[in-house]
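One structure below.
Each reported figure results from applying straightforward, stated rules to the coordinates on display, with no laboratory input. Here the structure is a predicted model, which is why all the values come from computation and not from measurement. Counting neighbours? That spans all protein chains shown, and the Cβs are built from the backbone with ideal geometry, glycine included.
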Amino acid sequence: MTYFVTGATGFIGRFLVKELLDHREGTIFVLCRESSLPRLEMMIAGWQTDRVVPVVGDLAAPGLGVSGDWVSEHAGGIEHFFHLAAIYDMTADDATNERLNVDGTREAVALAEAVQAGCFHHVSSVAAAGDARGHFDETMFDEGQPLPSPYHRTKFESEKLVREECSVPWRVYRPAIVVGDSVDGEMDKVDGPYYFFAMIKRLRDVLPSWLPLVGVDLGATNVVPVDYVAKAMDVLAHQPGADGQTYHLVNPEPQSVVEMVNLFCDAAGAPSFATPIDRKVTDPATRLLPRAARPRTIASSLVRSAGGQKLLGQTVGRMGIPPEVLAHTSFTATFDSTLTQEALAGSGVEVPPLVDYATALWNYWEENLDQSTARDASARRALAGKHVVITGASSGIGQVTALKVAQAGGIPVLVARGKEKLEATKRVIELRGGTAHIFPCDLSDLDAIDALSRQLAEELPTIDYLVNNAGRSIRRSLLLSLDRFHDFERTMQLNYFGAIRLIMGVVPTMRAQRRGHVVNISSIGVQTHPPRFSAYVASKAALDAWSNVVSSELVGDGVTFTNIHMPLVRTPMIAPTKLYDKFPTISPAQAADVVIKALVERPHELNTSLGNVGAIAHTVAPKATFRLLNVAYHVFPDSAAARGDGESGGKERDQVMLAKLFKGVHW
C-alpha cells in the first residue's frame, strides 16, 4: 500500500500516520510546508521509521503546491489519499475557513485526481450537520439545515465538494468533538471542552471540592478521543466495497454538557455543578411550544446575538472561554452511527466512555497545555533566557516544571538517569518552540555529580537556578528496618549527600555571577513527622538544615535558597504504594506551580497550612501529637513488601478518613 496524507503534522493526522505505520505496509507520503520540515523531521525521528516521506507543498496553493514532476512520477501509485488538512477552530473568521476548508479541499481533490488515487478519504465533521434538529444518520447530508458559523458552513461545503466533484472513489468521515488520547491524554491545543479547563482550575484553587455549584442545563454534546478516530479511520478505509460511504465517528451514547464538565471537575478535584431541573423533565412540556418559543431556542438566539456575544466576551471571555464557543456548546442533532458500528464490529475498535479517560485528559492539559505560566508577566521576567537546572526531570514534578519553565521563556537543563526520557522531554519542548539541554547523571554517584558540575560550568553560559527535585522515598517502620540499615544509607545518599554535592558543585559559578537560586523539594513530613518515614523525613530534614545554615553564608554573594515542604504528590515515586490510590493528593502540575512560585518569588520557605499546623503542634503539644501519630501508625500498616507477605492489612475506611483529614501527609 502507498498512502498520501495531508495534515499529517496536525493532531488527528499524527495519530492516523502512527496507526498506518503500526498496522499497514508501504510508504506514507505526507504533505508539508517547507517551513514545517524541521518539525516533521522531529516527528519522523520519534516514529523511528523511514517509511514516512515528506512532500513539500501548501494547502493554499494550486494542486497543493506539489511539483508536476512528483505528480508524474507517482501517478497511479497512490492507493489511499487521506485529506485531513483543515482548520478546526470555531473562533476562526470566514475568510480563513473558506481558504483552508473549502479551497484546500478543492486542491486536494485536484491532486488526488492528478495522481489517479485509488480512494479519496475526506475527513469532514459532524459540524456539516449544522443546526439540524433530531435524528441525523450517516445517509443524511443536505437536509436544508441551518449553518450557524463559518466553520459549520465550510465543513458542509467542503464535504459537498467531495460528493459532487471528486471523480475518484471517495469515503467521508465525520468525527464529533475530538479530544485527547484516551490512554495518556495527549492533545495539541486548547479547543472544544478544553476551553472550560482554565475555569475549572480556578474553581479548584479557590473552592473546596465538596461545595455544590448550581449549573445550567446546556443540552447534549458528543466527544470522542483521537485514538478512537484514528483507529476507526484505519479500519474503515481498508474495508472493501465501501466507497461512497459516510461514517459518523461519534460516541453512540452522548452525554450532557453538564455531565461532561462534571467529569472534568472530578478529575481536577474541583466542585461539581448540579442542575436543579433535569431537561428530561422539562423537554416533554417544551415540545408542545412552537420551536421559536422554546426556552433553549430563545437562550441560543440570545447567546449568538451580537449583544450576547459582547456580554459573554466581557464575562466568561475573561476566563479564556471564547464567546463563539459558548454559542455552540451543545448539538441540536443526535448523530446515529449504526453503519459505523456495524462496519467496526469485530475489529476491537470501540468508543471508550468518557468517565474512563477524563482524568487522563485533565492531567495532560494541566501538565502540557495550561498556559498560565506563559501568561504570568512576573514568571517571564524572572525566567526568560535563564538556565534552570532541574534534577529528576524525566518524570513527575521535575518534568512538568521543565515544561512550565520553557513556557516562561526559560531554558530547562534536564538531569536524570534515563537519557531516553530526557530526550523525549527535550523533543516536546523543542516542538513547542523552546530550548532545553539534557545531562544524564546518576545522582546517587558522587563522582558522577562532580563530573556533571564541571560539565554544567563548562557548557552553559550561566547557571541561574538549581531545582533539587530527584529523591527516594521509603515507607517502612523502624521495627521492620532493624536489619536494613542500607535503606537509610541509600535514602541519605540521594536525598541529602547527592543534593548538597550538586549545590556545592554549582555554587562557585553562582558566586562568580553574583546571582543564583536553589530550590529544594523537601516534604511536609519534615513538619508533620508521619510514622514509617524515618529514613525519608530525616534525609529531607538534613537538607533543610544544611540549606538554612549555608543561606546565611551565601546571601551576601547573591545565592539564595527556598525549601518547599511539598505535600503528597501523584508521582511515580509513590505509585508502588497502592494505598495512596485512594488518598487526596495534588497533581505534578500543581506541585510544579509551587516550584515556579519558588523560582519567581524566592521565599525562604513554601509551606502548606496543614504543614504549619503540624509544626506548631509538635512545638506546643508534642506528647499529644505523638499520641495522635501513634493512632495513625496503627491504622496504616507497613506495606506488604515491607512485611514480606501478600496482605494489605489495615482498615480502609479509617485510612481514607484520616487521609482526607490530613490531606497531603505521607502515611
The answer for V30, listing residues at least 5 apart or on another chain whose modeled amide H is closer than 5 Å to its amide H, is V5, V53, V55
To the nearest 10 degrees, the tilt of helix 150-165 (Cα long axis) against the first principal axis of the alpha carbons of the chain is 50
Long-range amide H partners of T560, meaning residues 5 or more apart or on another chain whose placed amide H is closer than 5 Å, are G516, H517, V518
Highest mean packing first, using Cβ neighbours within 10 angstrom, the peptides 417-423, 268-274 sort as 268-274, 417-423
Packing-ranked peptide list from 178-185, 153-160, highest mean Cβ count within 10 angstrom first, is 153-160, 178-185
Options (i) 80, 64, 53; (ii) 90, 79, 60; (iii) 112, 83, 43 for Cα extents along the principal axes in Å; the value derived from the coordinates is listed as (i)
Scalar couplings 3J(HN,Hα) for region 652-663 by Karplus 6.51 cos²θ - 1.76 cosθ + 1.60 (θ = phi - 60°), nearest whole Hz, x for Gly and Pro, are 4, 4, 5, 4, 5, 4, 5, 4, 6, 5, 10, 4
Sorted by chain and then number, the residues having a modelled amide H within less than 5 Å of the amide H of E186, at least 5 places away or on another chain, are D181
Highest mean packing first, using Cβ neighbours within 10 angstrom, the peptides 79-87, 399-407, 248-256 sort as 399-407, 79-87, 248-256
Counting only DSSP beta bridges fully inside the chain, the antiparallel percentage to nearest 5 is 5
CD proxy, 222 nm, the chain: helix-only mean residue ellipticity via -39,500 (n - 2.57) per DSSP H run with n ≥ 4, per residue, nearest 500, stands at -13000 deg cm²/dmol
The rounded separation in angstrom of the Cα centers of region 96-135 and region 38-63 is 21
To the nearest 10 degrees, the tilt of helix 588-601 (Cα long axis) against the first principal axis of the alpha carbons of the chain is 60
In degrees rounded to 10, the 0-90 angle between helix 104-114 Cα long axis and the longest Cα principal axis of the chain is 70
Along region 119-127, Karplus-curve 3J(HN,Hα) (6.51, -1.76, 1.60; θ = phi - 60°) to the nearest Hz, with x for Gly and Pro, reads 7, 9, 9, 9, 8, 9, 6, 5, 4
